[in-house]
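**Q** Please find one structure pasted underneath; my questions will follow.
The values are calculated or read from the model by the stated rules, or taken from the named source; none is laboratory data. None of these values were measured; they are calculated from a predicted model. Note: ideal-geometry Cβ built from the backbone for every residue, glycine included; neighbour counts use all protein chains shown.
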Amino acid sequence: MPRRYLFYVSQPYSFAILRPLQDAIRKRGDEVAWFVLGCSARPLQDDEVRLRTTAEVREFDPVAVFCPGDWLPYYFPGLKVKVFHGLPINKRGKDTHFRIRGWFDLYCTMAQSDTDRYRALAEEDPHFAVAKTGWPKLDAILKSRSSVPRSDDRPTVFYASTFTRDVTSAPDLVDTIRRMKDSGEWHFIVTLHPKMPEDIVEQYRSMADDNLTFIESDQDFIPYMGQADVMLCDTSSILFEFMFLDIPVVTLRTNMPGPYLIDVDSVEKVEQALRTALTKPPALMENMRAFSDQLHEFRDGQSSERVLDAVDQFLAQPPRLKHKPRNLFRKLKLRRRLAREAKQQIALDQRGG
């Protein structure tokens with residue numbers, strides 16, 4: 001009898017993370033359903049099953065629930081599996097990647113460094129298990145070289161920006177990107193964070209032409225990653241994802257500097273930095289590859305399979321774990337949040353979102 005798995009989605013980025021896992025599940029002859037709450041369900045495809053109520057989830061009865069976010073409905077049936085929404089980066093000095101909130105049974109890690117830290121946390125309070133599997137999203141990223149063919153031979157810059165006001169580069173780079181793409185020498189691919197102010201989004205969207213491809217925030221940009229020759233960013237963790245494709249990165253005033261990228265402190269220096277990155281300086285590339293290995297050890301595109309194997313192992317031989325923290329106050333807060341977001345989701349669905 002086919003096994004059933006549930007994907008819990010509360011942020012737009014979850015679709016790209018979970019689809020490689022869906023592919024692996026389907027190859028095994030098993031079934032997948034999606035539960036979307038808190039964001040648009042428009043990215044769901046025609047062949048993807050959506051559940052809308054807790055009653056439907058209970059009837060579906062998944063053996064495991066996969067979640068890239070920080071929380072999920074604790075009362076859903078099935079093993080609660082954390083697959084993470086990003087690489088284990090200490091972003092802007094906030095080491096939130098290793099915060100244990102008490103909702104998950106199994107954490108699927110990416111490299112020995114984060115595995116060791118999670119196992120140390122599990123020894124302190126053994127109510128969850130840890131398995132080094134790799135990140136499902138990277139399976140799709142590694143395949144992106146052949147996903148969408150290049151349209152021309154010009155240098156292609158993939159630009160992405162976070163929305164946080166004190167670190168975003170999007171407002172500052174509008175004129176620079178417009179000038180560079182209008183020169184005809186460059187081709188840009190642009191995507192912006194879903195929470196980016198709409199006036200900024202519209203400035204970039206309006207630039208779309210033969211020299212600039214604009215990807216909406218609810219579109220999957222992974223197929224376009226492999227087209228890039230160089231990545232331009234700020235403090236969005238997406239910049240590290242490009243490194244696994246051996247694509248050098250240029251940043252404007254990043255909060256995550258290091259020898260693995262080229263960071264500049266003014267917009268006037270951006271174009272020259274991009275030209276330098278295109279030459280792939282040996283020291284830069286060596287440092288980039290070494291740092292990437294620290295973040296994610298696997299390059300075989302089989303991380304989703306390892307995640308499923310870890311779930312199989314957990315279900316076949318359940319580890320001896322303590323009960324999760326009772327967290328009565330946090331559970332009450334979560335239920336209130338879920339009820340509020342359920343109402344918002346109904347309105348969002350009615351608007352076609």
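**Q** I need a count of the residues in the stretch 151-184 that are surrounded by 15 or more Cβ atoms within 10 Å (Cβ to Cβ) and in a helix (DSSP H, G or I).
**A** Residues in the stretch 151-184 being surrounded by 15 or more Cβ atoms within 10 Å (Cβ to Cβ) and in a helix (DSSP H, G or I): 9 in total.
**Q** For V65, only one of the following conditions fails: (1) in contact with a Lys or Arg (Cβ under 7 Å, 6 or more places away or on another chain); (2) β-branched (V, I, T); (3) free of Cβ contacts under 8 Å to residues at least 12 places away in the same chain. What is its number?
**A** (3)
**Q** Kindly indicate whether any position in the stretch 175-183 is among the small types (G, A, S) and modelled with pLDDT of 95 or more.
**A** Yes - at least one qualifying residue is present in the stretch 175-183.
**Q** Okay, moving on. Kindly provide the set of residues from the stretch 7-32 that are among the hydroxyl-bearing types (S, T, Y) and outside any loop (DSSP other than H, G, I, E, B), ordered by number.
**A** Y8, S14
**Q** Suppose we filter F329, F314 for residues that are in the same structural domain as I25 (by TED's automatic domain parsing), touching an Asp or Glu at 6+ places or on another chain (Cβ under 9 Å) and either farther than 20 Å from T109 by Cα or of a type in the set (F, W, Y) (or both); which single one remains?
**A** After ruling out the rest, the residue left standing is F314.
**Q** Name the residue, out of R19, R26, that is among the basic types (K, R), buried (at least 16 other Cβ atoms within 10 Å of the Cβ) and within 17 Å of E305 (Cβ to Cβ).
**A** Residue meeting the stated conditions: R19.
**Q** Hey, R289 hits all of (1) free of Cβ contacts under 8 Å to residues at least 40 places away in the same chain; (2) more than 22 Å from V83 (Cα to Cα) but one; which does it fall short on?
**A** It is condition (1) that R289 fails.
**Q** Identify, please: which residue in the stretch 248-303 is farther than 17 Å from T235 by Cβ and touching a Gly at 6+ places or on another chain (Cβ under 8 Å) and is, among those, surrounded by the most Cβ atoms within 10 Å (Cβ to Cβ)?
**A** Checking each candidate, the answer is S303.
**Q** Same structure again: Please state which one of Q219, Q227 is surrounded by 15 or more Cβ atoms within 10 Å (Cβ to Cβ), in a loop (DSSP other than H, G, I, E, B) and under 17 Å from the mean Cα position of the chain (by Cα).
**A** Every option except Q219 fails the conditions.
**Q** Then there's this: Within the stretch 248-264, can you find the residues that are under 8 Å from M288 (Cβ atoms) and touching a strand residue (DSSP E or B) at 6+ places or on another chain (Cβ under 7 Å)?
**A** Listed by number, the residues that qualify are P248, V249, L261.
**Q** If you don't mind, there's one more thing I want to ask. Can you tell me how many residues in the stretch 208-261 are under 20 Å from A273 (Cα atoms) and acidic (D, E)?
**A** Residues meeting the conditions: 4.
**Q** Which of the numbered conditions does G301 fail, given that it passes all the others? Conditions: (1) over 30 Å from G258 (Cα atoms); (2) touching a helix residue (DSSP H, G or I) at 6+ places or on another chain (Cβ under 6 Å).
**A** That leaves (1) as the condition not met.
**Q** With the checklist (1) of a type in the set (G, A, S); (2) in a helix (DSSP H, G or I); (3) in contact (Cβ under 8 Å) with a residue 24 or more places away in the chain in hand, flag the one item A273 doesn't pass.
**A** (3)
**Q** Looking for something under 15 Å from V167 (Cα atoms), free of Cβ contacts under 8 Å to residues at least 40 places away in the same chain and outside any helix (DSSP H, G or I) - is there at least one such residue anywhere in the stretch 232-250?
**A** yes
**Q** Taking I346 and the conditions (1) surrounded by 14 or more Cβ atoms within 10 Å (Cβ to Cβ); (2) hydrophobic (A, V, I, L, M, F, W, C); (3) more than 24 Å from the chain's Cα centre (by Cα), which numbered condition does it fall short on, given that it satisfies the others?
**A** It fails just one condition, (1).
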